[in-house]
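The next block holds one structure in the form of structure tokens; read it before the comments.
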Amino acid sequence: MLTAEERQEIEVELSHYPTKQAVCIDAMKIVQRHRGWVSDESIRDIGELLEMSAGDLDGIATFYNLIFRRPVGKHVIMLCDSVSCWIMGYERMRAHLTERLGIQMGETTPDNRFTLLPIVCLGDCSHAPALLVDNELHGDLDPAKIDTLLEGCE
Amino acid sequence: MPTEKPLTQSIPAGGEALSLQGYERLGGYQGLRRALQMTPKQVQEEVTNSGLRGRGGAGFPTGMKWSFTPMGADAPRPKYVVANADEMEPGTFKDRYLMEGNPHQLIEGLILAGFAIEADVAFIFIRGEYKLSQERLARAITEAYSAGYLGRNILSSDYALEMYLHVSAGRYMCGEETGLLNALEGKRANPRAKPPFPQVSGLWGKPTIVNNVETLANVPHILEKGAKWFQGLSLTKDAGTKLYGASGKVKRPGLWELPMGTTIREILEEHAGGMRDGVRFRGVLPGGASTDFLVEEHLDVAMDYTSVQKAGSRLGTGTMIVLDDQTCPVGITANLTHFFAQESCGWCTPCWSGLKWATKILDAIEDGQGRPGDLDKLSYLSTFWSPGHTFCALAPGAAEPVQSALKFFRDDFERHIHEKRCSWRS
Ligand SMILES: Cc1cc2nc3c(=O)[nH]c(=O)nc-3n(C[C@H](O)[C@H](O)[C@H](O)COP(=O)(O)O)c2cc1C
Ligand code: SF4
């Protein structure tokens, strides 16, 4: 079931568009903001509210990089793997992160604290390499800075 | 006289956004005041006369784009204007700077575009990762409503415009004009067939124009200071200033607003400070990931639409990615191709299947597993990533770095195959 708060946020979006379907991406993102990811149950609930089938919604959800259809850890780290970061040391940063966290790209640590994902260019190319920790942007990375960032995550 | 930098000179150093009061003090919303004394057609003409061309990559003349919109009492309603703030072209970071530093400049530009085509609703379509831009734009939109720049009877005129921020969920295809329209309608961001063009039948079948953030940011200044002034800003026949960027192993990677037509050499040597100590320049993608490599012999090319095209590449987004001699040309080509393969929407076989195949060949060459016919195979595959074989410009964009890398760095590709290794790795 969607919470009252989630419903209310979706209603605000509905007032901006002429069709219900137009807010489906927003709706999934609202749910994800509250719950961390979008479960099958949430897909059904959103579908009911917006008069869309679960299949259609799932097809849309899986098209977009920032909608998670699987649970993620408490902190989501997204490491930019695009060209400028690649030139400036992406592979070294990836090696450091996977070693520190003991997981590969796309995985979550067994204690559910961290999920590590690749992401396309973050538009911070003059400070490459860059990553997002819980949607906050950090550039000019080196292994020491990554360690500090990880230590800052509770 | 110091050169004018209309887009960036009022952006505070230190990372704060220019406030509404600050923007107004520096002439903000004067362009809108002036435009509201004109007819929408006159506003279109002023922008046409300025010579402004789209800064989103394709360089289409902005005034002309607007002029295709049905106007007057019989035009279908509502009409829409959209700011394309998706900025997912790898190596590009100019729109984020404009939005974070001066959100009202974009909002005023979007209102002006709206007035010029008699639009009823405006969207800013922004990528999900640009959190700070989203926060600053959301606040600025609220301020613009309170100050009477948005809503009904804008500045006591009879023009009305509603404006909303749409935060995307991430996919390169959302930046393609018609993919963006599908994304805004809550669908997968597959492109649409053209014609009909969005100006005639766009969002929910209504007339819609889509413009890049930097394009729109120029419009308030054109309306405030005039088309002639805008023409005078550039060094060449493409008008205005341009935000140029440089990333890679230069001494001072960054972003600079300079007269349109500044040379690659001046940008890389004077503004970016030249190459870092110990590394040498080998090539540059002049306008983002989807533009052809240029090399040493092109350093004196002027960075405007016409000159870069003549040199065999595209101005694109004007943000350059520099390749140095310590970085493997095969590796960089593989990285770029992986991006396009991953972001392909899957509609056309030459794109999704051909790009995937190309990544396998490139990875193999980089890993020392390349075979003699591989380069011909790559060239052949890339001929199908062209208009006519594919539905949108993603695949043609993917072809540009591959074909130009094979041209300029062929020896390096061949050496990988002969020596069965990447000499940058071992
Ligand atoms: C795959 C693809 C991605 C694109 N991404 C963007 C983008 O992120 N931002 C943008 O302004 N234009 C992007 N474009 C170009 C748009 O289709 C369109 O030409 C542009 O937004 C028009 O604005 P302009 O005329 O002001 O340049 C992209 C094009 C393609 C083919
Ligand atoms: S060229 Fe590629 S991205 Fe464009 S429509 Fe075809 S498959 Fe989709």
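Only the coordinates and a few stated rules stand behind these numbers; no lab work does. These numbers come from a predicted model, not from an experiment. Ideal geometry is used to build each Cβ from the backbone, glycine not excepted, and the neighbour counts take in all protein chains shown.
In this structure, the amide hydrogen of A:HIS75, modeled 1.01 Å from its nitrogen in the peptide plane, lies closer than 5 angstrom to those of A:PHE114, A:THR115, counting only residues at least 5 positions away or on a different chain. Axis angle, to the nearest 10 degrees, between helix B:394-408 and the longest C-alpha principal axis of chain B: 40 degrees. With the biggest extent put first, the Cα atoms of region B:329-425 measure 39, 21, 18 Å across the principal axes. Amide H to amide H, with H built 1.01 Å from N, B:GLY248 comes under 5 Å of B:VAL322, counting only residues 5 or more places away or on other chains. Under a point-charge model restricted to the Cβ atoms of Lys and Arg (+1) and Asp and Glu (-1), what is the dipole moment magnitude of chain A relative to its Cα centre, in debye to the nearest 20? So the magnitude is around 260 debye.
Which angle from 0 to 90°, rounded to the nearest 10, does the C-alpha axis of helix B:349-366 make with the longest principal axis of chain B? Helix B:349-366 sits roughly 50 degrees off the main axis of chain B. For chain B, the relative contact order works out to 15 percent when only alpha carbon pairs closer than 8 Å and six or more residues apart are counted. Other residues whose C-beta falls under 14 angstrom from the C-beta of B:PRO372 contribute a net charge of +1, scoring Lys and Arg +1 and Asp and Glu -1. Lys and Arg at +1, Asp and Glu at -1: add these up for the other residues within a Cβ distance under 14 Å of B:ALA341 and post the number. Taking every Cβ under 14 Å from that of B:ALA341, the sum is 0. In the protein assembly as shown, a dipole from Cβ-located charges (positive for Lys and Arg, negative for Asp and Glu) runs towards its positive end, and of B:GLY274, B:LEU378, B:LEU32 it is B:LEU378 whose Cα lies farthest in that direction.
Pairs with C-alpha atoms separated by more than 30 Å, drawn from the list B:LYS206/B:LYS242; B:LYS94/B:LYS225; B:LYS5/B:LYS41; B:LYS41/B:LYS131; B:LYS79/B:LYS187; A:LYS29/B:LYS251, are B:LYS206/B:LYS242; B:LYS41/B:LYS131; A:LYS29/B:LYS251.
Across region A:143-154, coupling constants 3J(HN,Hα) worked out from phi with the 6.51/-1.76/1.60 Karplus curve, θ = phi - 60°, read x, 5, 5, 4, 4, 4, 4, 5, 5, x, 8, 6 Hz, and Gly and Pro carry x.
With Cβ to Cβ distances under 13 Å as the rule, what net charge do the other residues near A:ARG113 carry (K, R +1; D, E -1)? Summing Lys/Arg as +1 and Asp/Glu as -1 gives -3. Judged by the ratio a/c of the largest to the smallest principal axis of the C-alpha gyration tensor, region B:20-231 counts as rounded, that ratio being less than 1.5.
For region A:96-108, 3J(HN,Hα) computed residue by residue from phi via the Karplus equation (6.51, -1.76, 1.60; θ = phi - 60°) reads 5, 5, 5, 6, 4, 8, x, 9, 8, 4, x, 10, 10 Hz, glycine and proline entered as x. Placing a label point 7 Å from the Cα of A:LYS74 along the Cα-to-Cβ direction, the residues of region A:103-118 with a backbone N closer than 17 Å are A:108-116. Computing Rg and the Kirkwood Rh from the Cα coordinates of chain B gives a ratio, Rg/Rh, of 0.99. Here chain B is treated with +1 on each Lys and Arg Cβ and -1 on each Asp and Glu Cβ, and its dipole about the Cα centre works out to around 440 debye.
Phi-derived couplings, Karplus 6.51 cos²θ - 1.76 cosθ + 1.60 at θ = phi - 60°, listed residue by residue for region B:302-309: 6, 7, 9, 4, 5, 5, 5, 5 Hz, with x used for Gly and Pro. Dipole size of region B:298-426 about its Cα centre, with +1 on Lys/Arg Cβ and -1 on Asp/Glu Cβ: approximately 320 debye, rounded to the nearest 20. Principal axis extents of the Cα atoms in the protein assembly as shown, from largest to smallest and rounded to whole angstrom, are 72, 62, 47. For B:GLN9, no residue has an amide H sitting under 5 Å from its own, ignoring neighbours fewer than 5 places away on the same chain, with H placed 1.01 Å from N.
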